[in-house]
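Novice: Dropping a structure here in structure tokens format, bear with me for questions.
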Amino acid sequence: MKLEERTVAEYHGRPVKFFDLENGRRLRARLMNYGATLISLHIPDRTGRLEDITLGFDNFEDYLGNNPYFGATVGRYANRIGGARFVLGGQEYVLARNEGPNHLHGGLKGFDKVMWEAVPVSDSRSVGVRFNYLSPDGDEGYPGNLDCQVTYLLNENDELHLAYLATTDRPTHVNLSHHSYFNLAGSRKENILEHELQIMASRFTPADERLIPTGEIKEVAGTPLDFLKPRPIGQRLKELPAGYDHNFILDSRGELALAARVVEPESGRVMELYTTEPGLQFYSGNFLDGTIRGKGGRPCGRHSAFCLEPQHFPDSPNKPQFPSTVLKPGEIYKSLTVIKFLTV
Ligand code: BGC
């Protein structure tokens, strides 16, 4: 187990820190207090070759530019809120509009763009960092002071744990998630189309052309969204000209359960994602178009990585039929995601 901390820059008078973790079995993760971000994750392939399997940047300054939420913590509300508004307790709240008329990933300055307090944490089996952020009442239009905590822990079972806690002093909406872009082939492959994906979801929430759910619930059976049995991401991609960017309704809800499994056949790298959340957004990197140059100056092209974002459903504040995202004073928002890495 190893944890090293260093200051790499200053942002609004505060030190920007990189935290390098190692789990004693060669897995390495780099975290940063800006955006409570996962910068890189090195895992071995079946021959033991270590490679970084996430998209991101080498330097802090690049995270301030054109950055599609690489590795970030997203909040207060991951995904979209239609019309950037909701009514809570009889009062209308108008949120920041940062995607046409809608609100995406917490607004103009979401949790991915703020400095979090960071404290290294470790025990005999894991090493990590606990991040805290107090989002003030009115932040991006949301009511209530929201006290948030995100803890990343890398353990000796080759698991990355992401644990979320939040409390509020006024009723509000909360939906926190993690936004890493994965390519399990490392630098070997330019796209993720041959990755085999399985998602434990029989249903999904259909959405309009701006990706706001219509409110319906449909079966994945007979559609390109059927990943109940593992199959290559690219297999039916042509049937979806805009690519995958869908919220899947996970079959098992409430308790920590396997939500998705991804196998990269050439390297043998496997990732299993377990979550307590009811939904999973699968995004196949459709908007990446090569203009962003990531680590090592490499352009990030279309489908060069995928995101699996455990969360509540998009636009829940305006969809009473969806599981609620309301948090009230005295309640504790809790969410846990575990990503386990192995090889075959
Ligand atoms: C969304 C995509 C969006 C991406 C980056 C994903 O969570 O589903 O539509 O383009 O984040 O903003």
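Novice: Which peptide among 251-262, 66-77, 219-230, 194-205 comes first, and what is the full order, when sorted by highest mean count of other Cβ atoms within 10 Å? Spell out each step's value before the answer.
Specialist: On the way: 251-262: 16.4, 66-77: 23.7, 219-230: 14.4, 194-205: 20.2.
Packing proxy ranking, top to bottom: 66-77, 194-205, 251-262, 219-230.
Novice: Where does each of 151-159, 177-185, 37-45 land if you order them by average Cβ count within 10 Å, highest first?
Specialist: Values: 151-159: 19.6, 177-185: 24.9, 37-45: 22.3.
For the peptides 151-159, 177-185, 37-45, the packing ranking is 177-185, 37-45, 151-159.
Novice: At a 1.4 Å probe radius, carbon and sulfur cover how many percent of the accessible area of the chain?
Specialist: On the way: 6830 of 13820 Å².
Using a 1.4 Å probe with all protein chains present, the chain comes out at 49 percent carbon and sulfur.
Novice: Checking a compactness column here: for the chain, what do you get for Rg(Cα) / (2.2 N^0.38 Å), N being the number of residues? List each step's numbers first, then the result.
Specialist: Working: Rg = 18.9 Å, N = 344, 2.2 N^0.38 = 20.2 Å.
Scaled against compact globular proteins, the figure is 0.93.
Novice: Add -39500 (n - 2.57) for each DSSP H run of 4 or more in the chain, then divide by its residues: what number comes out at 222 nm, to the nearest 500 deg cm²/dmol? Walk me through the numbers on the way to the answer.
Specialist: Details: 1 runs with 4 residues, N = 344.
That comes out to 0 deg cm²/dmol.
Novice: Want the number for V326 to D123: 0.36 nm per residue separation, take away the alpha-carbon distance, what's left?
Specialist: On the way: separation 203, 0.36 × 203 = 73.08 nm, distance 3.34 nm.
Full extension from V326 to D123 adds 69.7 nm.
Novice: Let me ask another. Straight-line reach from K2: which lysines have a Cα under 23 Å away, not including same-chain ones fewer than 8 places off?
Specialist: Partners within reach: K17, K340.
Novice: Could I ask something else about it? Give me the distance between the Cα centres of the stretch 164-209 and the stretch 147-162, rounded to whole Å.
Specialist: Distance between centres, Cα-based: 16 Å.
Novice: Could you provide, to the nearest whole Å², the per residue accessible area of the chain with probe 1.4 Å?
Specialist: Working: 13820 Å² over 344 residues.
For the chain, the solvent-accessible area averages 40 Å² per residue.
Novice: Once you order the gyration tensor axes a ≥ b ≥ c over the Cα atoms, which shape class does the stretch 187-344 get: rounded for a/c under 1.5, otherwise prolate or oblate by comparing a/b with b/c?
Specialist: Details: a/c = 1.58, a/b = 1.44, b/c = 1.10.
Cα axes put the stretch 187-344 in the prolate bin.
Novice: Can you tell me which of 278-289, 109-120 comes out highest on packing, and rank the rest after it, using the mean Cβ neighbours within 10 Å? Display every interim value, and only then the final one.
Specialist: Numbers: 278-289: 21.1, 109-120: 18.7.
Ranking the peptides 278-289, 109-120 by packing returns 278-289, 109-120.
The values are calculated or read from the model by the stated rules, or taken from the named source; none is laboratory data. Note that the coordinates shown come from a computational prediction; the quantities given were computed from them, not determined experimentally. FYI the Cβ positions are ideal-geometry reconstructions off the backbone, even for glycines, and counts take in every protein chain you see. Heavy atoms of the whole protein, side chains included, go into the accessibility calculation; ligands, DNA and RNA do not. Shrake-Rupley method; radii C 1.70, N 1.55, O 1.52, S 1.80 Å.
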